[in-house]
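Below is one structure, written out as structure tokens; comments come after it.
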Amino acid sequence: MDTAKKNGRSDEILLEVRGLKKHFPIHSGFLRRVTGYVKAVDGIDFYIKKGETLGLVGESGCGKSTTGRTILRLLDPTAGEIIFDDPNIGKVDLAKLSRAQLKRVRPNMQIIFQDPFSSLNPRLTVGQIVGEPLEIQKAASGQALRDRVAELLQEVGIRPENMTRYPHAFSGGQRQRIGIARALALNPKLIVCDEPVSALDVSIQAQVLNLLEDLQEKYNLTYLFIAHDLSVVEHISDRVAVMYVGYIVEMASTEDLYYHPKHPYTEALLAAIPKPDPRKRTRPIKLPGDVPNPANPPSGCYFHPRCRYAEDICKVERPPLRDIGGEHWVACHFAERLQLQGVTRLNEIPLIELPKRQAPVPAASPAS
Amino acid sequence: MTNAAATGTERTNIQIVSEDDVVRVEDLRLSFYTSLGVVRALNGVSFNIPRGKVLGVVGESGCGKSQTGLAIMQLTFGRIEEGRILFREFNTSEVIDITKLEKNGPEMRRIRGNHISMIFQEPMTSLNPCYTVGHQIEEAILLHQTRDKAEARRRTVDILRKVGMPNPERIADSYPHQLSGGMRQRAMIAMALSCNPTLLIADEPTTALDVTTEAQILDLMRDLQHEIGTSIMFITHNMGVVAQMCDEVAVMYLGRVIERAAVDDIFYDPKHPYTISLLRSIPRLGIARGQKLESIKGTVPDPYSTVPGCPFHPRCPAAIPGLCDTVMPEEIFIAGSQTHTVRCHLYT
Ligand SMILES: Nc1ncnc2c1ncn2[C@@H]1O[C@H](COP(=O)(O)OP(=O)(O)OP(=O)(O)O)[C@@H](O)[C@H]1O
Ligand SMILES: Nc1ncnc2c1ncn2[C@@H]1O[C@H](COP(=O)(O)OP(=O)(O)OP(=O)(O)O)[C@@H](O)[C@H]1O
Ligand code: SF4
Ligand code: SF4
Ligand SMILES: [Mg+2]
Ligand SMILES: [Mg+2]
């Protein structure tokens, strides 16, 4: 157990989401009339404590990005409350704020996007990209602005001389760092990281993850970390929430969720992690049945058509998300009763030692 | 295939010769001529993929993985300076050198649509935002598979279902921006799989997918591999996927293949210091939580310059002064092996 992982963590809640919904209209036919709704986010509840990282995982299309964007009001919610503890004005419900009021809260919440290639404006220099939020908020100008940008770039490991270059001149990892510098510009409290390392190779991914952790410690940042790679999520998160078709089905400490899952969907997810060991090849059991359609979800528990533990009640009654003890939240009728399989620790593949530095070769001889 | 081996003598790279190869890339060199200078993106890439096998291609961002794939498709904007790309379709003995074909000539277009297909790394740049996803897949099917519109529609919905889309009819009628990241990626995959290719080039095909959907896509590819005998060039940075999916692995660094071996050897007996560092930087479940991940120190040198000696030497913990910084290591077999090659002075 490593609950004391981060010093800045407290039990104070920074963000609490209650009953959040985001429905997109479906237009069809010749007249493009609204014929239904995609219930991308359909009544979710969760909270994030100050200084912690909450991982958010789930099937592709289950509503993770929509959740992240709605929290920041980049999308307007259909229903629900988004209570944010703003350092200046105290607790506010972001869902109810007008555009003008939002402008005051915005600096405290930022987002880092998945795609380091398309998320930076190619026409702006790196300096302009990082400085833009400062200018918009009129937080700095002139020399003070340049100094702050230089400081931010330094913070993410990019040499400030690069300020005048354009994004295309940087690699994926460097662009992701530029995106992080921009997100940090206004000293935010909360950063939504939407798959920040998915597009990066493992070594650069490790650098960016280490950077995010260092920054968190230094500035007491709080992260909502959306990702698919469950090993990355395990590495970085204090707690993890699992989403299924617009609904949170389980939320617990990382340790509990990975090693003692209580929801059948979480179990299926964990079983599908591809293990970096060619001697342990597994073809995970396919979830039976179709992926549910968020425009027309199944009755009762949304997972019931694919759940191997489903019983009659599951078809009719939707289980609420409830705390079964120790802040382990589960939305399953049988959470207490089921014995589910967690992950096994991957300690069998050898960690190969790096070769050591060799003695110098006296005179360089041509290769044989 | 004999003519391929005959001219192989003047090349520095080892050819692992197999009668069964579907594609064989030999000493491929590719450059970009830009206003800022010349980028030598590929500096002699060689590998082969046997029929029905999966070759994993891994390596740091910018090392040339995508450009290698694009070169095979003749879709790169760079100039192929040297080298050959030999390709053999299903059920023929004829070997075609793709580099000799005209980029947009009828022969290349025929190969691209029917025999080699590619899942591109950036779905948003390869899906047209102005057309529905279904329309784009149907077009591809109508171009190469059938002329019957209703049949094309039916196949489109069918392949969308196979890649795990909920309500494939809705997805077919959606525009790319109405789909989640992973749905766009699956639309791309559906398009690439619709033609049952001899060779599938999958460039980071599952980066935007959750693990259950990923498992489903990998299964779909294995089916193609087993039922049709498709060979796959699988570019990825997910070492878990490499371990689960690939038969052989080529590790690239700065436009060269620096280690090639069976997947088991790459994980259990890696030789090149870069490969070892790469394996050490993956987060492992349940191990060292809360500790810093290892990463390779330094960064890839900028692409306009060339590094003397072994290109990895400025970052290599085992570099031999006086040798590694002056002499480029050749690709050699590891002692006692016929399949495991490495480019590193530690093994000469
Ligand atoms: N602008 C939009 N209009 C209509 N539907 C949308 C729109 N944006 C998202 N959706 C739908 O909402 C659902 C959830 O999408 P979202 O992008 O939140 O998924 P996600 O969990 O982030 O998935 P991924 O892991 O693939 O990125 C999907 O069914 C998607 O088709
Ligand atoms: N249009 C271009 N002009 C100039 N250089 C280019 C161009 N396209 C690619 N390159 C260069 O070619 C090299 C290889 O790029 P490539 O896209 O193949 O890398 P990659 O291995 O696929 O990386 P990633 O893992 O980031 O996708 C890089 O150094 C890149 O800068
Ligand atoms: S409520 Fe029923 S269907 Fe839903 S996860 Fe639990 S057992 Fe399965
Ligand atoms: S040749 Fe030298 S510098 Fe290059 S990888 Fe081997 S030991 Fe390191
Ligand atoms: Mg998303
Ligand atoms: Mg690439």
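Each value in this text was obtained by applying a stated rule to the coordinates, not by laboratory testing. Everything numeric here is computed off the predicted structure, so don't read it as measured data. Neighbour counts are summed over all protein chains in view; Cβ atoms, including those assigned to glycine, are modelled from backbone coordinates with ideal geometry.
Amide H to amide H under 5 Å from B:Val22: which residues, 5+ apart in sequence or cross-chain, H placed 1.01 Å off N in plane? Close amide H contacts, sequence-distant or interchain: B:Ile49, B:Arg51. For region B:94-131 and region B:303-348, compute the distance between their C-alpha centroids and round to whole Å. Comparing the Cα centres of region B:94-131 and region B:303-348, I get a distance of 34 Å. Among B:Lys149, A:Lys39, a tally of other beta-carbon atoms within 10 Å of each Cβ gives an order, fewest to most, of B:Lys149, A:Lys39. Here r is the Cβ-Cβ distance between B:His135 and A:Lys91 and R0 is 56 Å; the resulting FRET efficiency, rounded to 0.05, is 0.70.
At a Förster distance of 30 Å, what's the computed FRET efficiency of B:Tyr304 paired with A:Gln143, Cβ-Cβ distance as r, to 0.05? Before the final figure, lay out each step's value.
Details: r = 32 Å, r/R0 = 1.06.
FRET efficiency, B:Tyr304 to A:Gln143: 0.40.
Region A:258-335 and region B:139-174 have Cα centres spaced 29 Å apart.
Hey, what D do you get for chain A in µm²/s if you plug the Kirkwood alpha-carbon radius into Stokes-Einstein at 4 °C and 1.567 mPa s?
Details: Rh = 22.6 Å.
Calculated translational D: 57 µm²/s.
Remark: C-alpha extents of chain B on the principal axes read 67, 55, 45 Å, sorted largest to smallest. In the Gaussian network model of chain B, springs joining C-alpha atoms below 10 Å, which of B:Leu70, B:Leu209, B:Leu285 carries the largest mean-square fluctuation? Sorting by GNM fluctuation, first place goes to B:Leu285. Packing, as the average of other Cβ atoms within 10 Å across residues, places the peptides B:63-69, A:208-214 in the order B:63-69, A:208-214, highest first. Would you be so kind as to identify which of A:Gly63, A:Gln216, A:Ala335 lies farthest towards the positive end of the dipole of chain A, taking Lys and Arg as +1 and Asp and Glu as -1 on Cβ and the Cα centre as origin? Among A:Gly63, A:Gln216, A:Ala335, the one farthest towards the positive end of the dipole of chain A is A:Gly63. For the set A:Lys39/B:Lys149; A:Lys21/A:Lys50; A:Lys49/A:Lys286; A:Lys64/B:Lys297; B:Lys65/B:Lys100; A:Lys64/A:Lys189, the pairs lying more than 26 angstrom apart at their alpha carbons are A:Lys39/B:Lys149; A:Lys49/A:Lys286; A:Lys64/B:Lys297.
The calculated FRET efficiency for B:Arg79 paired with A:Arg318, based on their beta-carbon distance and R0 = 45 Å, is about 0.15. Taking Cα pairs under 8 Å and at least six residues apart, what relative contact order does region A:217-298 come out at, in percent? The normalised contact order for region A:217-298 reaches 20 percent.
Computed over chain A, relative contact order equals 17 percent, with contacts defined as Cα pairs under 8 Å that lie 6+ residues apart. Using alpha carbons only, how many angstrom separate the centre of region B:197-235 from the centre of region A:208-257? So the separation of the two Cα centres works out to 28 Å.
For chain A, set up a Gaussian network in which alpha carbons nearer than 10 Å are linked by springs, and say which option among A:Lys315, A:Lys49, A:Lys22 fluctuates the most. Answer for the Gaussian network model of chain A: A:Lys315. At 1.002 mPa s and 20 °C, plugging the Kirkwood radius over alpha-carbon pairs of the protein assembly as shown into Stokes-Einstein gives what diffusion coefficient in µm²/s? Rounded to a whole number, D works out at 80 µm²/s.
Would you calculate a helix-derived [θ] at 222 nm for chain A, using -39,500 (n - 2.57) for each DSSP H run of n ≥ 4 and dividing by the full residue count, to the nearest 500?
Details: 10 runs with 97 residues, N = 368.
Using -39500 (n - 2.57) per qualifying helix, the result is -7500 deg cm²/dmol.
The local environment of B:Val57, defined by Cβ-Cβ distances under 15 Å, has a net charge of -2 under the rule Lys, Arg +1 and Asp, Glu -1.
Peptide A:59-71 has a mean of 4 when you count, residue by residue, the C-beta atoms of other protein chains within 10 Å of its C-beta.
Kindly put A:Leu74, A:Leu94 in sequence by how many other C-beta atoms sit within 10 Å of each C-beta, fewest to most. Could you put the intermediate results ahead of the total?
Numbers: A:Leu74 13, A:Leu94 22.
If I rank by nearby Cβ atoms, fewest first, I get A:Leu74, A:Leu94.
Taking Cβ atoms as reference points and 12 Å as the exclusive limit, the residues near B:Ala190 contribute a net charge of +3, counting Lys and Arg as +1 and Asp and Glu as -1. Dividing the summed helix terms, -39500 (n - 2.57) for each DSSP H run of n ≥ 4, by the number of residues in chain B produces a 222 nm estimate of -8500 deg cm²/dmol to the nearest 500. Springs between alpha-carbon atoms under 10 Å, Gaussian network over chain B: tell me which of B:Tyr175, B:Tyr253, B:Tyr274 tops the mean-square fluctuations. Answer for the Gaussian network model of chain B: B:Tyr175.
Report, as an integer, the average count of C-beta atoms from other chains found within 10 Å of each Cβ along B:182-193.
Numbers: counts 8, 2, 1, 1, 2, 0, 0, 0, 0, 0, 0, 0.
Whole-number average of other-chain Cβ neighbours for B:182-193 is 1.
Model label sites at B:Thr348 and A:Arg33, defined 7 Å from Cα along the beta-carbon direction, differ in position by 7.7 nm.
Averaged over A:266-279, how many beta carbons belonging to a partner chain fall within 10 Å of each residue's beta carbon?
Numbers: counts 0, 0, 3, 3, 2, 3, 8, 7, 13, 6, 13, 8, 14, 5.
Counting other chains' Cβ atoms within 10 Å and averaging over A:266-279 gives 6.
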